[in-house]
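Down below is the structure, laid out as structure tokens.
None of the figures in this text is laboratory data; all of them are computed from the coordinates on show. Remember, it's a predicted structure, so these values are computed and weren't measured experimentally. Cβ coordinates were reconstructed from backbone atoms using ideal geometry, including for glycine residues, and neighbour counts include every protein chain displayed.
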Amino acid sequence: MSAALATQQVTAPRVDAGGVFAAFARLSPDDRDVLGLRVIAGFTPAQAAVGLGLTPAAVEQRLAAARRRLRSTAPGIPDDVVTETLRTLC
């Protein structure tokens, strides 16, 4: 294996954390709430449901929609990178 190929395999993509945070800030308060509880704080659907006044199923539906909207405001950034960047808010 060439040195260049080996370097490419272990080098993580650079992500502008400010861009991720800006994309998060552009979301609606409802989207930020569900992402904050489920992704950032790590609540279960049932725990988040209590805080949001929803059913666990509704929390998961809103989470999926919020993730779609976040992806559209932060194109090209992988979901796992966005998630890990947002978790640094804790």
How much length would be gained if the chain were fully extended between Thr55 and Asp79, taking 0.36 nm per residue of separation minus their Cα-Cα distance, in nm to one decimal? 6.2 nm
Could you tell me which residue out of Leu70, Gln47, Val81 lies farthest along the dipole of the stretch 29-90 toward its positive end? Charges go on the beta carbon: Lys and Arg +1, Asp and Glu -1, centred on the Cα centre. Leu70
Given points 7 Å out from each Cα along the Cα-Cβ axis, report the Thr44 to Arg68 separation in nanometres with one decimal. 2.7
Here the Cα Rg-to-2.2 N^0.38 Å ratio for the stretch 29-90 is 1.06
